Amino acid sequence: MRYLLVELLFITILFLTFTSTHSQTFRFERPVPDTIQTHGNYLYGEPWFWASGGAHRGLDMWITYDTVYSAADGYVEFAAFASGEDGYEPNGFGNYLRTRSAWNSKTIYIYYAHLSEILVNTGDSIFTGKPIAISGNTGNSSGPHLHFEIRENNPYYLAEKTRRNPELWFSMSGTGAIYGRVPDAEDNTRVDISPDPKPRPPYTTFSYGLTYGFFDNTIGSDDIYNENYAFGDVKPGTYTITALDGEYRRTVTVLAGEVINADETTYIYERENILSLTLEQNYPNPFGEAIPSGNPSTIIKYQILKEVRGERVEVRLVVYDVLGRKVALLVNKEQSAGSYEVQFDASANSATASGLSSGIYYYQLTANYYSQVRKMILLR
Ligand SMILES: [Zn+2]
């Protein structure tokens with residue numbers, strides 16, 4: 001019995017690794033396509049000079065009237081139409097969604113604001129990458145855009161230090177992010193970055209950022225990074241960051257997928273998505289002699305899309321049976337970025353002369369911290 005429980009636990013772990021994340025902080029998918037800049041006119045934490053006080057508490061994304069995708073798995077806590085409000089937000093957001101996700105022991109609330117259409121209802125489950133709304137210009141908005149805001153643990157709009165800078169939490173495709181802390185900087189201290197870090201087109205330059213954290217006490221920093229400035233959507237390269245007339249000066253190199261601390265450039269805190277794996281469905285599938293003109297072998301293809309700062313990658317490709325027992329070790333070596341193809345022969349991968357029996361098998365590709373699993377069916 002104990003043995004069986006261990007196997008079941010193993011299978012559970014195998015499935016949990018399917019999403020292949022390794023990060024110290026929460027990771028979102030972008031709610032807009034990669035071509036949309038996630039960094040608009042008002043920066044995170046930028047004081048509103050025209051309002052009675054407070055700062056901009058989220059990010060403005062330059063999407064006009066187009067599909068907004070869920071940034072995370074979770075559910076819709078509140079879908080506000082027109083003048084509706086959820087009790088936590090004095091609605092300047094127009095049509096908006098408040099969604100709720102769990103991450104570690106934290107609750108992450110995401111607000112999607114100024115929507116023209118809402119495609120989900122209060123209580124619906126939502127899934128990363130699925131359409132949830134159409135962006136727009138409702139509420140207190142001077143042009144179509146998506147206001148995207150994160151509140152950690154408490155959705156009340158004035159709760160202290162609950163906001164987080166989404167620029168540091170997006171998973172990235174082809175870009176990185178830089179953060180740091182200018183000591184003793186008041187809010188709205190200008191932090192320059194050179195050269196222009198924005199990929200283009202269609203991104204618009206933002207060759208500076210602003211510090212945040214004091215002027216509006218709802219504005220928080222990441223629990224681990226503890227930053228007071230950040231640059232997202234940074235194209236790979238080496239940058240000089242300066243503030244306070246050069247009193248603060250850092251040189252930092254960032255690669256695609258990295259979230260890097262400018263204050264400790266020898267240490268990379270995050271290597272999110274640096275390595276990108278694709279594990280393809282085996283072909284043929286199902287496979288085996290019971291398939292017309294079939295045979296007991298199948299091809300598994302995979303791609304390693306990026307290398308980690310020139311390092312080679314420890315790659316393992318293992319086949320498990322439905323009980324989680326390892327039945328074949330197909331790859332176990334260092335590999336560099338590229339496309340690979342492996343043949344798996346079920347007649348040559350068992351203690352018995354005839355090979356594996358019919359059934360479901362799983363194959364798992366692991367490369368450094370990253371992992372993907374797929375299922376295949378053998379019919380003999
Ligand atoms: Zn906004």
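Read-outs: derived from the displayed coordinates by stated rules, not from any lab. These numbers were taken from a predicted model, which means no experiment stands behind them. Every residue, glycine among them, receives a Cβ derived from its backbone with ideal geometry; neighbour counts consider all protein chains shown.
Quick look at the values:
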item: Residue 360/residue 102 FRET efficiency (R0 35 Å; Cβ-Cβ; nearest 0.05); result: 0.70
item: Label-point separation in nm, residue 161 to residue 253, each point 7 Å along Cα→Cβ; result: 3.5 nm
item: Options 179, 146, 169, ranked by Cα towards positive dipole end of region 138-182, top entry (Cβ charges); result: 179
item: Cβ-Cβ FRET estimate between residue 34 and residue 301, R0 fixed at 25 Å, reported to 0.05; result: 0.50
item: Long-range HN-HN contacts of residue 263 with modeled amide H, under 5 Å; result: 181
item: Table column - 3J(HN,Hα) (Hz), region 85-100, Karplus curve with 6.51, -1.76, 1.60, x for Gly and Pro; result: 8, 9, x, 10, 9, x, 4, x, 8, x, 6, 8, 10, 10, 10, 10
item: For residue 68, distant residues with modelled amide H under 5 Å away; result: 132, 133, 134, 135
item: Given charges at beta-carbon only (K, R positive; D, E negative), |dipole| of region 37-139 in Debye; result: 200 debye
item: Ranked 211, 138, 128, criterion: other C-beta atoms within 10 Å, fewest first; result: 128, 138, 211
item: Gyration tensor verdict on region 49-160 (Cα atoms; rounded if a/c is under 1.5, prolate if a/b is larger than b/c, oblate otherwise); result: oblate
item: Residues whose placed amide H lies under 5 Å from that of residue 56, excluding near-sequence neighbours; result: 45, 46, 48
item: Test item: Cα-centred dipole of region 94-225, Lys/Arg +1 and Asp/Glu -1 on Cβ, debye; result: 340 debye
item: Violating pairs (Cα-Cα greater than 25 angstrom) within the set 198/301; 326/375; 106/130; 301/375; 130/333; result: 198/301; 130/333
item: Leading residue at positive end of dipole, region 59-261 (Cβ point charges), from 232, 136, 101; result: 232
item: Reference-scaled alpha-carbon Rg (2.2 N^0.38 Å with N residues) for region 59-261; result: 1.05
item: Ranked 333, 198, 161, criterion: other C-beta atoms within 10 Å, fewest first; result: 333, 161, 198
item: Tensor-based shape of region 104-168 (alpha-carbon gyration tensor, a/c under 1.5 rounded, otherwise prolate or oblate); result: oblate
item: For 60, 345, order by how many other beta-carbon atoms lie within 10 Å, fewest first; result: 345, 60
item: Residue 340-residue 41 pseudo-label distance in nm [points 7 Å out on the Cα-to-Cβ vector]; result: 5.0 nm
item: Spin-label pair residue 290/residue 142, simplified geometry with 7 Å Cα→Cβ offset, distance in nm; result: 6.8 nm
